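The structure appears right after this line, and notes come after that.
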Amino acid sequence: MSSSLLHPDRLFPANSQLRTVARELYQNIKDLPIVSPHGHTDPSWFANNQCFDNAADLLIKPDHYVFRMLYSQGVALQDLGVPTADGSPTSTDNRAIWRLFAKNYHLFAATPSRMWIDHVLYQVFGFNERFTEASADKFYDEINRQLASDEFRPRALLDRFNIELIATTEGALDTLEHHAKIRADGWGHRVVTAYRPDNVVDPEFEGFLDNLKIFGELSGCDISTWEGYLNAHRNRRAFFKSMGATSTDHGHAKATTSNLSLEDARALYQVVLSGKTTAAQADAFRGQVLTEMAGMSVEDGLVMQLHPGSFRNHNRAVFEAFGRDKGADIPEQTEYVRALKPLLDKYGNNPNFTLILFTLDETVYSRELAPLAGHYPCLRLGPPWWFHDSPEGMRRFRQQATETAGLYNTVGFNDDTRAFLSIPARHDVARRMDCVSLAEWVADHRITMDEAHELAHELTYGLVKRAYKLG
């Protein structure tokens, strides 16, 4: 479907010469398959392949980009049907929730969320009128009608969106039963997992000690010792790899790494098991485990991703009432040069190791991340992430990182979302903005038009496949 409400030259430069070049580049790569190596879609969608329930459940309640903006303007999360931590009641009137969203849609003007949602409404569902409070019911009914059709089942949408591969992200305690079903049904080449062990790595994670007990049971390892704890990770990593994982992911608050002696690591682990770690000890433990994870990546070939720099659950009242991932995570300053040195001293030159770095602190692109990636063979720069997954964020990344890191030390685009229907929109924005950057470099005579076409293909498809070892 297509809509006249989506301008074909959106995000392209006002300068006609640049716009012409960007448009030509985009036409040659816009239909390339989507490779989504890191995200948070629900694997049960693809395992069970059931129709989505309704517009509110799909597009509002699980999307913290959406409800954080509404919350900032005084809309209660209970009124949006966001589930509470203790199961206390929230709105179950999905039509009313949708109307409330429509009434406040103007709040999203000029935001990435507005572009993504417009793409979903006008491109995916094919509407040809503006989404407003007056049209809310019409949109709601038509979306629900389409969602009930076989064409909108999750596996059909993988085909329609031309998604070649999508990776979900599961915690270390996940039994991966949905991925087992996906593989049994013959879809394992399209939907894979990634190993995210934060809940058994971070001593400050709620329920950490209970998590460790389950970790030991699932892995069959004695986690009362440091060596047994590490073997539990090896066991779980091997299990995730058997379910298609090619990567691990680590969402630490800092980029701290450590390289303790075996004796000191054992002693620190016993403090962790006591449940009496200080903040400094918790940070040192997380850092030591990151270095151990790097060593395991050398052994098993899993690509390592590091997503630091978020002060998570900043709003205590929201966290206590609704739990994690409710739009209250805030970027903070992050240091990489000294923080990563212990890990890089040990594994930075190993040809069997790949570490993809992300940041929420844009001030480090040119000062720290680009110089690091421009030197260490193991390092690659992840794309603009989370708050910077936006046209301006993408421009800033290319402008600040390219000259020092080069394009081949980046990894293409990750959509990193729970909002399944917005994945094509997010990739489309990234493709358009890469073509804008390439057009500017052609105009500056830094690259030729032929090179621009080659690079457009690499930035869209080639780099991500190689970086994540996807064949």
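The values are calculated or read from the model by the stated rules, or taken from the named source; none is laboratory data. In this text, all values refer to a predicted model and were calculated from it rather than measured experimentally. Here the Cβ is made from the backbone with ideal geometry for all residues, glycine too, and neighbour counts use every protein chain on show. Areas reflect the complete protein model, heavy atoms only, side chains present, ligands, DNA and RNA absent. Shrake-Rupley method; radii C 1.70, N 1.55, O 1.52, S 1.80 Å.
Applying the criteria of a DSSP loop state and at most 15 other Cβ atoms within 10 Å to the trypsin sites (Lys or Arg not before Pro) of the range 305-334 yields ARG312, ARG324. Inter-label distance, GLU299 to PHE387: 3.7 nm, where each label sits 7 Å from its Cα along the C-beta direction.
Identify, among LEU463, THR175, VAL82, the residue whose Cα sits farthest towards the positive end of the charge dipole of the chain, taking +1 on the Cβ of Lys and Arg and -1 on the Cβ of Asp and Glu, with the dipole about the Cα centre. Value: LEU463.
Of the GluC sites (Glu not before Pro) found in the range 187-278, those that fall in a DSSP loop while having at most 14 other beta-carbon atoms within 10 Å are GLU204, GLU206.
Per residue of the chain, the DSSP helices (runs of n ≥ 4 H) give a summed -39500 (n - 2.57) that works out to -13500 deg cm²/dmol at 222 nm.
Per-residue SASA remark: ILE182, around 0 Å² accessible (1.4 Å probe; ligands, DNA and RNA not included).
Subtracting the Cα-Cα distance of ASN15 and VAL271 from their residue separation scaled by 0.36 nm leaves 86.0 nm. Calculated translational diffusion coefficient of the range 46-177 (25 °C, 0.890 mPa s; Stokes-Einstein with Kirkwood radius over alpha-carbon pairs) equals 151 µm²/s. Per-residue extension of 0.36 nm, minus the Cα-Cα distance of ALA156 and VAL337, leaves a gain of 60.7 nm for this segment.
With every protein chain present, what accessible area does LEU11 have (1.4 Å probe, heavy atoms only), rounded to the nearest 10 Å²? Here the accessible area works out near 60 Å². If you take the Cα centroid of the range 193-219 and the Cα centroid of the range 326-353, the two points sit 21 Å apart.
Sites listed here are trypsin sites (Lys or Arg not before Pro) in the range 23-127 whose DSSP assignment is loop and whose Cβ has at most 15 other Cβ atoms within 10 Å: LYS30. Between the range 420-471 and the range 113-168, the alpha-carbon centres lie 25 Å apart. Multiplying the residue separation of ARG234 and ARG446 by 0.36 nm and removing their Cα-Cα distance gives an extension gain of 71.7 nm.
Model label sites at ASN48 and GLU164, defined 7 Å from Cα along the beta-carbon direction, differ in position by 3.1 nm. Choose one of VAL429, MET69, HIS453: the residue whose Cα lies farthest towards the positive end of the charge dipole of the chain (beta-carbon charges +1 Lys, Arg; -1 Asp, Glu; about the Cα centre). The residue sitting most towards the positive pole is HIS453. Ranking TYR365, TYR461 by solvent-accessible area of protein heavy atoms (1.4 Å probe, all protein chains present), from largest to smallest, gives TYR461, TYR365. In the context of the full set of protein chains, residues of the chain present 41 Å² of accessible surface per residue (probe radius 1.4 Å, heavy atoms only).
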